[in-house]
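J.: Before I ask anything, here is the structure I am working with.
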Amino acid sequence: PVRVIFNGVDLAEYDPGVIQVNTPPRIIFAGRFVSQKNPLGLVRMLADVQDLPWQCIMIGDGAMRPQIEAEIAAHGLGERFTLPGWVDPEVVLDWYRKGDLFLMPSLSEGLPVAGVQAMAMGLALVMSDIGGCVDLVENGVNGWLVPPSDQPGFATALRSLLSDPAKLLSARFASRRLAQKFNLETITSQYEAVLQDSAGADNAG
């Protein structure tokens, strides 16, 4: 039988502090600027909700950066995006701490470490309904899962959270609560149990 053990995070280290909604809400993306991560789609999704207040921080870099910057400019959103490039892990955590919502419209993923970290930091999650992302999101509780090709669906999910500060705050608290299943202490105990079971089976043999 196969037993799945998730990647763990130290919830004491990933401490968001006081969870509250910013004005305007801050949307965080973290990853490589490559087609798999769908960064151009992300810009277009946010263009669909530009009537709402928000700021987006796209952490990372890559070959697609000029295309991303051009897409942002084409939609007249230059003042609403921040592209800090590659930054130290401590700076990433600081951006998470300042954020409200983590947006990951990837075309393919395993269990995204950035998503687990964002969840632990109490960010609402809007993610593609693929791979390990499904282990991070409870639809309507701490965010939404959307098929990766459904740009209007992403816009609808974003609108539901960005237009309702109370709902966004509730989703943020839910993410921090649901992150308990990724607590490093819990994950370590699960590994220990597997090893003990294996040792017991060997001894029995």
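J.: Taking the full set of protein chains and a 1.4 angstrom probe, give the accessible area of ARG44 in square angstrom, rounded to the nearest 10.
T.: Solvent-accessible area, nearest 10 Å²: 90 Å².
J.: Enumerate the amide H contacts of LEU111 below 5 Å, restricted to partners 5 or more residues apart or on another chain; note that Pro and chain-start residues carry no placed amide H.
T.: GLY132
J.: Under 5 Å between amide H atoms, partner at least 5 residues away or on a different chain: which partners does MET104 have, H built in plane at 1.01 Å?
T.: VAL126, MET127, SER128
J.: Let me make sure I get this right: for the range 117-184, a, b and c are the square roots of the gyration tensor eigenvalues over alpha carbons, sorted descending. Under 1.5 in a/c it's rounded, otherwise prolate if a/b > b/c, else oblate. Which is it?
T.: oblate
J.: For the chain, take the longest principal axis of its alpha carbons; what is the angle in degrees between that and the long axis of helix 65-74, to the nearest 10 within 0 to 90?
T.: Helix 65-74 and the main axis of the chain meet at about 40 degrees.
J.: Return the carbon/sulfur percentage of the accessible area of the range 37-117, one whole number, probe 1.4 Å, all protein chains in place.
T.: About 54 percent, which is the carbon plus sulfur part of the accessible surface.
J.: Name the aspartates and glutamates eligible as straight-distance cross-link partners of LYS98: C-alpha to C-alpha under 15 Å, and not fewer than 8 places from it in the same chain.
T.: Output for LYS98: ASP15, GLU90.
J.: Additional query: By how many degrees, 0 to 90 and rounded to 10, does the Cα axis of helix 89-98 deviate from the longest principal axis of the chain?
T.: 60 degrees
J.: In 10 Å bins starting at zero, report the fraction of Cα pairs in the chain per bin as a rounded %.
T.: Pairs per bin, as whole percents: 9, 35, 35, 13, 6, 2, 0.
J.: To continue, here is another question. Nearest 10 degrees is fine. How inclined is helix 165-178 to the longest principal axis of the chain, computing both from alpha carbons?
T.: 20 degrees
The values are calculated or read from the model by the stated rules, or taken from the named source; none is laboratory data. Model, not experiment: these values are computed from the prediction. These accessible areas exclude ligands, DNA and RNA; they are computed on the full protein's heavy atoms, side chains included. Shrake-Rupley method; radii C 1.70, N 1.55, O 1.52, S 1.80 Å.
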